[in-house]
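Written out below as structure tokens is the structure these notes cover.
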Amino acid sequence: MEVHLTAEQILLRDSAAKFIAAAMSTVTRARGGIRSSAPGRLLQIGELGWFGMLVPSSADGPGLGLTEMALVLEQAGRGLVREPIGQAIIAVAALAQGYAPHPILRRAMLGDALVVPALQESAHDPLALRTEATGQRVPRLTGTKMAVCADDADGFLVSARGSDGPALYYVARDSAGVSVATAPTVDGRRLATLELQGAAADLVPARQSSRGAVEALTDLALIALSAELLGVMEGAQELTFEYLRVRKQFGKPIGSFQALQHKAVDIYIKTETVRSLLYQVAAANDTYCIDPALAVALKAKASEDALAVTQTCIQLHGAIGFTDEHDIGLYLKRALLLSSLLGNAAAQRRRYSELMELTV
């Protein structure tokens with residue numbers, strides 16, 4: 001599928017690429033265990049309007065769609081951006097749903113407050129819901145969440161099971177009963193385990209005439225992660241193709257060797273296939289009403305192909321690709337992290353099978 005963008009979408013994509021290349025803190029500039037966000041960077045992103053791009057006009061947002069989100073996150077993945085832009089975008093969209101947007105919404109849209117999702121509870125069964133919400137007037141949450149982008153976060157959108165079934169709750173970071181333990185990730189950032197022991201929370205209502213808030217946010221997160229994975233594939237491909245053009249062996253560029261050309265074509269095909277699927281899914285779905293089977297299929301494809309592409313790119317670089325001094329390995333590390341979040345390719349295929357059984 002050829003992606004046809006409007007003039008406004010092209011402008012958004014190009015401005016995102018320019019901003020990320022010039023100003024964002026990236027892994028290539030800062031390897032190692034530092035904070036996932038640079039000071040003041042979130043406010044700059046908020047000024048660009050990225051955080052609130054999915055917020056509907058009824059909540060004073062621009063009301064952009066999944067295609068625009070994918071364009072921005074594709075560039076974020078390409079630049080190996082450390083800031084959790086995708087996590088913040090989908091959290092802000094969740095805060096804006098329902099009959100009354102959450103009070104912190106405005107600050108989150110401007111980048112003055114960072115709110116991120118806390119959905120995953122285990123690596124084996126990422127979407128299993130064991131966190132419980134008790135209490136009527138003031139819900140209190142008890143449970144554990146993993147792989148949370150907690151650095152600089154002011155609050156979390158936590159999925160929990162209440163008396164009426166799964167629901168989404170906002171929990172402030174400084175609430176009593178909230179503890180955060182961070183650990184370094186393979187790509188040099190940090191993710192946290194979030195422990196909740198009777199933490200006070202606010203219920204985030206689901207959008208009217210829509211699926212549950214937890215389901216909607218989960219499917220949105222899968223598309224956001226897939227868009228970043230596409231950007232990682234593109235960045236690795238660009239770096240590798242340039243290396244094939246300039247590296248010489250036996251008096252000629254190694255890109256002229258047929259065996260390497262075959263592998264380069266495989267990289268290109270996988271990248272373009274993920275791009276086609278991503279933008280087809282984005283164009284066919286609404287922010288608050290995403291077909292779960294399409295979201296799962298997209299994440300499965302992006303997770304599998306991103307790992308294959310980045311591994312092949314390292315192979316095409318030869319010995320230098322295995323050194324820490326070269327940036328190509330950073331793309332594999334980012335692909336390893338993103339592909340595992342909310343379930344790797346195998347986990348997504350299992351969920352897809354379950355969804356298909358429900359439709360029979």
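The values are calculated or read from the model by the stated rules, or taken from the named source; none is laboratory data. All values reported here derive from a predicted model rather than from experimental measurement. Here the Cβ is made from the backbone with ideal geometry for all residues, glycine too, and neighbour counts use every protein chain on show. Heads up: the accessible areas ignore ligands, DNA and RNA and are worked out on the full protein's heavy atoms, side chains in. Shrake-Rupley method; radii C 1.70, N 1.55, O 1.52, S 1.80 Å.
Some points to look at:
- For residue 189, the requirement of being crowded, with 20+ Cβ neighbours inside 10 Å, under 24 Å from residue 347 (Cα atoms), modelled with pLDDT under 95 and of a type in the set (Lys, Arg) is met.
- Look at (1) at pLDDT 95 or above; (2) over 17 Å from residue 169 (Cβ atoms); (3) charged (D, E, K, R) and you find that residue 145 fails only one, number (2).
- Selected residue (only one of 311, 348, 315 is part of a helix (DSSP H, G or I), open to solvent by less than 50 Å² (accessible area, probe 1.4 Å) and not acidic (Asp, Glu)): 348
- Test: residue 306 is closer than 17 Å to residue 186 by Cβ and either open to solvent by less than 10 Å² (accessible area, probe 1.4 Å) or touching a His at 6+ places or on another chain (Cβ under 9 Å) (or both): yes
- Flag: residue 342 matches the condition of being part of a loop (DSSP other than H, G, I, E, B), open to solvent by less than 60 Å² (accessible area, probe 1.4 Å) and either out of contact with any helix residue (DSSP H, G or I) (no Cβ under 8 Å at 6 or more places or on another chain) or closer than 22 Å to residue 54 by Cβ (or both).
- Residues (open to solvent by less than 50 Å² (accessible area, probe 1.4 Å) and either at pLDDT below 90 or in contact with a helix residue (DSSP H, G or I) (Cβ under 6 Å, 6 or more places away or on another chain) (or both)) located in segment 261-274: 267, 271, 274
- Which numbered condition residue 130 misses (of (1) under 19 Å from residue 179 (Cα atoms); (2) in contact with a helix residue (DSSP H, G or I) (Cβ under 9 Å, 6 or more places away or on another chain); (3) surrounded by fewer than 20 Cβ atoms within 10 Å (Cβ to Cβ)): (2)
- Of the criteria (1) of a type in the set (Val, Ile, Thr); (2) open to solvent by less than 40 Å² (accessible area, probe 1.4 Å); (3) modelled with pLDDT of 95 or more, which one residue 180 fails: (2)
- One residue stands out among those in segment 145-196 that are assigned to a loop (DSSP other than H, G, I, E, B) and small (Gly, Ala, Ser): the one that is farthest from residue 116 (Cα to Cα), which is 163.
- For segment 162-175, the criterion of a residue being open to solvent by less than 10 Å² (accessible area, probe 1.4 Å) and in contact with a helix residue (DSSP H, G or I) (Cβ under 7 Å, 6 or more places away or on another chain) is satisfied by at least one position.
- In segment 275-288, the residue that is farthest from residue 315 (Cα to Cα) out of those that are surrounded by 14 or more Cβ atoms within 10 Å (Cβ to Cβ) and hydrophobic (A, V, I, L, M, F, W, C) is 283.
- Looking only at residues of segment 57-82 that are outside any helix (DSSP H, G or I) and either without any contact (Cβ under 8 Å) to a residue 24 or more places away in the chain or open to solvent by 10 Å² or more (accessible area, probe 1.4 Å) (or both), we find that the one that is nearest to residue 185 (Cα to Cα) is 79.
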